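Below is one structure, written out as structure tokens, with a few remarks after it.
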Amino acid sequence: MLMVYADIILPLPLEGVFTYSVPDGMTSVIKPGMRVVVPLGRSKKYMGIVLKVHDVKPEFEVKDIMSLPDRHPSVTALQLRLWQWIAEYYMSPLGDVLKAALPAGLKDEDSYRPKTERCVTLPEKMRSGQSLHVALNILTQSRARKQKELFEQYLSLSHWDEACSGGDRDDVVELTCEELLNEAHTTTATLRALVSRGFLTTYEREVGRIGHGGEAHPENMKTLGEAQQKAYDEILETFKTKNVTLLHGVTSSGKTEIYIHLIDKTLREGRQVLYLLPEIALTVQIMKRLRNVFGDRLGIYHSKYSDAERVEIWNRQLSDHPYGVILGARSSLFLPFTNLGLVIVDEEHETSFKQQDPAPRYHARSAAIVLASMCGAKVLLGSATPSAESYNNALTGKYGLVSIMTRYKNIQLPEIQVVDVKDLRRRKMMNGPFSPALLKAVRDALADGRQAILFHNRRGFAPMIECHVCGWVPHCDKCDVSLTLHKSLGRLTCHYCGSVYYVPTKCPCCGSTELRSRGYGTENIEDRVREIFPEARVSRMDLDTTRTRNAYERIINEFSSGATNLLIGTQMVSKGLDFGNVSVVGILDADTMLNNPDFRAYEHAFMMMAQVAGRAGRKSGRGKVILQTRNPELPVIGEVVRNDYKTFYKELFEERRMFHYPPFYHLICVYLRHRNAQVADDAAADMGRMLRSMLGERVLGPDRPSVARVKTMSIRKIVIKLEAGISLPRVRAFLREQQSCLMQNKRYSTLETYYDVDPL
């Protein structure tokens with residue numbers, strides 16, 4: 001008899017797949033995409049996904065698959081293709097892709113249990129008028145008054161009394177035990193007595209954990225303005241010749257409303273839509289707008305949902321009645337789609353779309369474009385500040401380009417006032433991190449019943465504490481970074497590994513008790529704001545205040561409704577949030593963004609400042625932005641003030657072309673990690689020499705990254721710059737070959753090597 005084998009993807013950071021034999025009882029049902037339980041080693045077992053079924057006998061001895069938890073595939077053929085592309089392009093093991101793609105409830109045989117509720121009904125023998133008459137007589141004669149009342153109540157509520165008297169059984173209503181007992185005002189003991197006597201029976205009914213969004217109301221779509229309608233028509237026109245279109249619209253130009261109209265058109269064509277957002281916080285506002293139009297055709301998918309909820313959404317997408325629209329963060333592109341017609345990547349410039357740790361280090365925007373091409377779908381990239389890569393692709397004709405340069409209802413872009421804090425500090429006119437101009441603008445806004453946002457991209461109370469006598473600064477024991485003070489917790493925290501330390505009372509070097517905080521974090525700013533503006537209703541939005549599931553929604557709803565009127569936040573507040581009553585935005589320290597040791601620093605700073613400035617004056621009157629910096633003469637500051645993106649991108653492209661950076665060159669970063677710093681140095685040096693043998697001057701380094709030790713692991717970095725036209729598959733194959741050669745040295749047996757393709 002011909003043996004059947006299966007190549008299995010296991011959730012392990014190992015290259016390749018694992019081959020197992022298929023037992024006779026499974027050969028007729030096993031398919032690619034099915035979950036399987038397989039043994040590994042002497043005692044371990046794993047849940048894997050079938051990649052391929054074949055009859056090619058391996059050259060090594062194989063074990064049998066242990067079990068099939070499901071009778072149908074949990075992963076589609078399309079998803080498997082996407083997984084393979086991500087693994088290949090981003091040089092990541094397939095097992096890491098599986099771990100990122102599948103909800104936890106599907107990675108373990110027993111971790112997911114459907115949510116059920118106990119229902120009550122009539123046994124089959126009781127479903128006639130005669131049987132009911134006999135049952136009621138028995139209950140009357142036995143003087144079981146409460147049982148009789150409960151039985152009669154059930155017959156009335158469920159409509160079984162009518163159905164057994166010649167009515168339509170389709171009118172019978174399912175009742176839960178809880179509903180029945182609440183209506184009858186009785187106890188479970190009475191119900192149990194009826195069940196034991198055979199008059200009623202109970203059963204478990206599966207119910208979803210996800211709430212229903214109600215009926216769809218397409219009539220709630222707003223009419224597009226003149227500029228919006230023009231952009232909408234142009235998008236449809238570019239889609240005739242281009243698979244990807246970039247919508248470059250200034251902040252508050254009405255891009256979301258254009259998206260809604262495109263979604264409606266796609267749904268009417270019988271196809272699905274994927275709407276990607278960079279931050280979970282954004283889903284709060286967008287969800288309400290979409291649900292108001294599309295009702296329960298909208299599904300939400302992101303990491304704040306429980307594992308069980310994500311499994312339910314996954315299973316619904318595999319059913320005959322999937323969601324028409326999926327709104328979510330980057331992980332939602334891994335959901336199963338059967339008929340994808342449109343992918344919207346909103347705020348496409350955002351770095352949050354790039355997964356960093358853990359692997360796979362994929363970019364959701366690129367993966368979404370590949371997914372769309374596999375499905376024959378169109379992609380719309382939207383942003384007020386497009387990424388250099390997307391904008392260059394649009395200018396060169398690879399993507400379509402549609403622009404909206406006016407705000408909705410022709411509201412003016414905010415006035416941006418640059419404040420030189422260096423000069424003000426010299427003149428002792430600063431009040432902590434606040435300039436007089438900023439304090440006046442906020443005070444005036446609050447007095448007029450308006451709102452203000454203060455943006456500072458550092459959380460915690462202070463970035464560090466320092467001994468005033470000897471200059472000692474506490475550092476993490478496991479990472480090469482200073483510890484951040486979180487005053488509310490009374491602790492010092494490492495923002496890289498999460499380690500927590502007590503705040504010292506004296507300096508361990510000189511014994512001084514003069515330990516002072518340096519710099520400002522959002523927690524410190526909140527305290528100072530409450531002192532300066534005691535009348536203000538203040539809220540803070542950063543990683544520390546949004547850890548719970550509903551924290552985003554609570555903070556955003558309170559600010560939207562006016563319950564709070566002054567919002568302090570990190571980059572979360574810059575990403576597409578729509579607040580109609582904000583008249584003032586304060587950028588407290590632009591220099592923290594500009595002075596990063598990164599070739600993308602100015603690009604990211606321009607985007608961040610332009611985006612956060614765009615939160616001001618969106619609905620009623622022109623807003624005002626106070627931009628505080630020590631370097632007001634920098635060209636990028638002037639370009640933000642003038643909203644002169646064309647000059648900014650022109651200068652940026654000239655610089656990038658000259659120094660061989662994206663979008664004109666591909667970058668691959670090779671990272672090597674080891675607990676021993678010397679071993680990491682030697683391995684990086686050896687790897688650098690091996691790579692130069694073929695790639696020559698394209699290889700830079702090795703070098704130490706800005707944070708060279710994380711979680712006790714010493715890190716070394718090699719950068720490879722690849723010009724357009726070079727064969728990327730050949731380069732990837734060469735890198736894997738050299739990595740394999742390096743690992744043959746026993747000294748490097750515990751070395752970790754990983755790649756960051758197209759780093760941000």
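Values quoted throughout were computed directly from the atomic coordinates according to the rules given, and no laboratory measurement underlies them. All figures in this text were calculated on a predicted structure; none of them were measured in a lab. All Cβ positions, glycine included, derive from the backbone under ideal geometry; neighbour counts span all protein chains shown.
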Calculate the radius of gyration of the Cα atoms of the range 90-241 to one decimal place, then report Dmax, the largest Cα-Cα distance, as a whole number, both in Å.
-> 26.7, 81
Give the distance, in whole Å, between the Cα centre of the range 582-650 and the Cα centre of the range 114-193.
-> 68 Å
Between the range 411-430 and the range 505-532, the Cα center-to-center distance that results, in Å | 25 Å
So, in nm, how far is label SER142 from label LEU78 when the simple model puts each one 7 Å beyond its Cα toward the Cβ?
-> 5.7 nm
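What is the extension gain from ILE532 to LEU2, computed as 0.36 nm multiplied by their sequence separation minus the C-alpha to C-alpha distance, in nm to one decimal?
182.7 nm
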Would you compute, from DSSP H runs of 4+ residues alone, the mean residue ellipticity of the chain at 222 nm, taking -39500 (n - 2.57) per run and dividing by the full residue count, rounded to the nearest 500?
-> -10500 deg cm²/dmol
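Going by how many other beta carbons lie within 10 Å of each one, how would you line up VAL503, VAL402, VAL284, VAL442, fewest first?
Values: VAL503 16, VAL402 23, VAL284 19, VAL442 28.
Going from sparsest to densest Cβ surroundings: VAL503, VAL284, VAL402, VAL442.
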Placing +1 at every Lys and Arg Cβ and -1 at every Asp and Glu Cβ, with all other atoms neutral, what dipole size does the chain have around its Cα centre, in debye to the nearest 20?
-> 1400 debye
Euclidean distance of C-alpha centroids, the range 322-352 and the range 445-499, integer Å | 34 Å
So how far apart, in nm, are the two label points at ASN243 and MET658 if each is 7 Å from Cα heading toward Cβ?
-> 3.6 nm
How far apart, in nm, are the 7 Å Cα→Cβ label points at HIS475 and GLU162?
-> 7.8 nm
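Ranked highest first by the average count of other Cβ atoms within 10 Å around their residues, in what order do 518-524, 361-367 fall?
Highest mean packing first, the order is 361-367, 518-524.
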P(r) weight above 25 Å for the range 587-745, C-alpha pairs, percent = 49 percent
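Given R₀ = 35 Å, FRET efficiency for ARG730-SER306 by Cβ-Cβ distance, to 0.05? Mind showing how you got there, number by number?
On the way: r = 44 Å, r/R0 = 1.26.
Rounded to the nearest 0.05, the efficiency is 0.20.
Could you give the length gained by full extension between ASN631 and TYR501, i.e. 0.36 nm per residue of separation minus their alpha carbon distance, to one decimal place? Kindly include the intermediate steps, with their values, before the conclusion.
Numbers: separation 130, 0.36 × 130 = 46.80 nm, distance 3.54 nm.
Gain on extension, ASN631 to TYR501, equals 43.3 nm.
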In whole Å, largest first, what are the principal axis extents of the Cα atoms in the range 213-320?
-> 43, 29, 28
Using r as the Cβ-Cβ distance of GLN744 and SER373, and R0 as 45 Å, what FRET efficiency do you calculate, to the nearest 0.05?
-> 0.70
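State the extension gain, in nm to one decimal, for the chain segment bounded by GLN412 and ARG689, taking 0.36 nm per residue of separation less the distance between their alpha-carbons.
94.1 nm
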Could you give the spread of the C-alpha atoms of the chain along their three principal axes, from largest to smallest, in whole angstroms?
-> 97, 76, 67
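Can you give the FRET efficiency to the nearest 0.05 for ASP24 and ALA193, using r as the Cβ-Cβ distance and R₀ = 51 Å?
Numbers: r = 50 Å, r/R0 = 0.98.
Approximately 0.55, to the nearest 0.05.
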Inverse of <1/r> over all distinct C-alpha pairs of the range 123-213, i.e. the Kirkwood Rh in Å, gives 14.0 Å
